[in-house]
Amino acid sequence: MNMTHFRWIGSVALAGLLVACASSPGSSSRTEHFYAFGQKPQPAGQTVAPVTVDAVQPGQGPQHLTHIVYFDYDDDRIRPSERPIVEGHAEWMRQNPDRSVVLQGHTDVRGGSEYNLALGHRRAQSVAQALQMLGVQPSRIETVSYGKERLLDTGMTEQAHQRNRRVEFDYR
């Protein structure tokens, strides 16, 4: 092999290394990837109980949409079934440029307080990133995490846990 071949092989190896680093966990937006390419497969037989939602107060955001996005256990990715909710809120915010939103992240009771505060934050950030990808200005979005401090359901069933794994839209 001559020197040109070594340079070419070195260039290819360097390019491969850069691609590997760029796609490593934490270096790119998980929400962007998830929102673009879909959800991880769920184990066979795993289902989620239906969830009821309270009515939205007039003047507090879109009336035709729920103001809650639900998440899977220990996950901060937006489910495909929840995407229309996020898209509807993004559309409403684009049509109402004078309004802002606080995204409140929540978890179920399982896990420590610090871990759940971080998970609630990641969930709120996931929704914020999706809204931004859909054209909402970042300056109009605020996030806060309550972790497991503001439960909707104090039960210990899977249905109760599911109601608590959420991000709520609070319009200003």
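The values are calculated or read from the model by the stated rules, or taken from the named source; none is laboratory data. Here the structure is a predicted model, which means the values were calculated and not measured. Glycine gets a Cβ as well: all are built from the backbone with ideal geometry, and neighbour counts include every protein chain shown. In case anyone asks, the SASA skips ligands and DNA or RNA and just uses the protein heavy atoms, side chains included. Shrake-Rupley method; radii C 1.70, N 1.55, O 1.52, S 1.80 Å.
Restricting attention to region 102-129, the residues that are within 14 Å of TYR70 (Cβ to Cβ) and open to solvent by less than 10 Å² (accessible area, probe 1.4 Å) add up to 11. Being of a type in the set (Lys, Arg), buried (at least 20 other Cβ atoms within 10 Å of the Cβ) and in contact with a strand residue (DSSP E or B) (Cβ under 7 Å, 6 or more places away or on another chain) is a property that ARG99 lacks. I'd like the full set of residues that are in a loop (DSSP other than H, G, I, E, B) and in contact with a Gly (Cβ under 8 Å, 6 or more places away or on another chain), limited to region 75-108. Within region 75-108, ARG99, THR107 qualify. Quick one: in region 132-169, of everything that is among the acidic types (Asp, Glu) and within 16 Å of the chain's Cα centre (by Cα), which residue is most open to solvent (accessible area, probe 1.4 Å)? Ranking the candidates gives GLU142 first.
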